[in-house]
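Colleague: Pasting in a structure now, in structure tokens, and then I'll have a few things to ask.
Please treat every number below as a calculation from the coordinates, not as lab data. Because the structure is a prediction, the values reported are computed rather than measured. Note: ideal-geometry Cβ built from the backbone for every residue, glycine included; neighbour counts use all protein chains shown.
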Amino acid sequence: MRVTWYDRASLYDRAFSWDPTTERTFLLSASTEHGRGAPARTLEPFCGTGRLWADWPGAVVGVDCNPSMLELARTRGSVLRGDVTALGLADRSFDFAFALIDSFRHLLTHDAALRHLREVARVLRPGGVYVLGFDVTGDLPSDVSRSIWTQNGVHAEVYGLGDADPTTRIETVRAILTDTRSKNADIVDDVFPMRTYTNREIDDLLHLEGSFQRAATFNRTYKQKSRAPGSQATILKKSTQGGTGFAVAPS
């Protein structure tokens, strides 16, 4: 039976257990500066282990499809096992939403990505913000997206196995987690598909969705505005109007 790195929730959580202050500060400032102020209700689709929920203001709800991830996240907040393209949550019931660490790229088709954006827009209140953090590497060779780090006793390597298919825009990604504290060889070696994007493809998706405005785009440091290919965090603001509100704001 195949074991994914998401099935090993505790090991995964340790690998991504760096100080969350920078991410949390960026997310909350995105809500206060571009959205509805400090969020009373926050949604995290693809929530994983809920690693950023400690000391989060207001209520937070996480949605994920992996039971191991949800078991750990449930100790930190409210969770729902479900499909991020059909959330099953009430209209206009959240002030803010976020999805970081490349989660959006697990949606492998244009249709799935569009349905997800429409679902998040549906459950956000007017003027609410959705922050998407993922690698925009569609114009770059696969070896550029290699990441290697060690955190909390876990050595991690994540990289693409060749360029994406030019038709489907899907690349194959390998993720290796090694528990350096284990006396035995505790290694998770996972291979899975992910969708690649260019900035133009993201803008096309937003245009089709119709209610989100790209308010700003930052690089992965969360400090410098940039739409250069690579790791990005994009702040999407839902229109305060009833109909289409798409526009691309200067980055």
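Colleague: Lys223: which lysines have alpha carbons under 20 Å from its alpha carbon, excluding same-chain residues fewer than 8 sequence positions away?
Modeller: Straight-line reach from Lys223, under 20 Å: Lys237.
Colleague: I want to verify a result. In a Gaussian network model of the chain, Cα cutoff 10 Å, which of these has the top mean-square fluctuation: Ala73, Ala185, Ala228?
Modeller: Looking only at Ala73, Ala185, Ala228, the biggest GNM fluctuation is shown by Ala185.
Colleague: Let me spell out the model: positive unit charges on the Cβ of Lys and Arg, negative unit charges on the Cβ of Asp and Glu, origin at the Cα centre of the chain. What dipole size does that give, in debye rounded to 20? Can you show the working numbers first?
Modeller: Details: 30 positive and 30 negative charges, 144 e Å.
Magnitude of the dipole: close to 700 debye.
Colleague: While we're here: How tilted is helix 110-123 with respect to the longest principal axis of the chain? Cα atoms for both, answer in degrees (0 to 90, nearest 10).
Modeller: Taking Cα atoms only, the helix is inclined about 60 degrees.
Colleague: How much length is gained on full extension from Asp55 to Leu205, taking 0.36 nm per residue of separation minus their Cα-Cα distance?
Modeller: Working: separation 150, 0.36 × 150 = 54.00 nm, distance 3.32 nm.
Full extension of this stretch gives 50.7 nm more.
Colleague: Could you list Ser239, Ser211, Ser93 so that the one with the fewest beta carbons within 10 Å of its beta carbon is first and the one with the most is last?
Modeller: Values: Ser239 18, Ser211 23, Ser93 14.
Going from least to most buried by this count: Ser93, Ser239, Ser211.
Colleague: Taking +1 at the Cβ of each Lys and Arg and -1 at the Cβ of each Asp and Glu, which of Thr150, Ala175, Phe192 sits farthest along the dipole of segment 142-195 towards its positive end, judged by Cα position relative to the Cα centre?
Modeller: Farthest along the dipole direction, towards plus: Thr150.
Colleague: Cut-off is 10 Å between beta-carbons; in what order do Arg74, Arg8 appear when sorted fewest neighbours first? Working shown, then result.
Modeller: Values: Arg74 13, Arg8 20.
Final ranking by Cβ density, sparse to dense: Arg74, Arg8.
Colleague: Radius of gyration and Dmax for segment 120-186's Cα atoms, expressed in Å?
Modeller: Here Rg and the maximum Cα pair distance are 17.3, 53 Å.
Colleague: Report, in debye and to the nearest 20, how large the dipole of segment 82-185 comes out about its Cα centre when Lys and Arg carry +1 and Asp and Glu carry -1 on their Cβ. Walk me through the numbers before you get to the answer.
Modeller: Details: 11 positive and 14 negative charges, 72 e Å.
Computed charge dipole of segment 82-185: roughly 340 debye.
Colleague: Take the alpha carbon atoms of the chain, find their radius of gyration, then divide it by 2.2 N^0.38 Å using N residues; give the quotient. Could you put the intermediate results ahead of the total?
Modeller: Numbers: Rg = 17.5 Å, N = 251, 2.2 N^0.38 = 18.0 Å.
Compared with the compact-globule rule of thumb, the chain sits at 0.98.
Colleague: Helix-only estimate, please: 222 nm mean residue ellipticity of the chain, summing -39500 (n - 2.57) across DSSP H runs of length 4 or more and dividing by its residues, to the nearest 500. Don't skip to the end; give the middle numbers.
Modeller: Details: 5 runs with 53 residues, N = 251.
Result for the chain, helices only: -6500 deg cm²/dmol.
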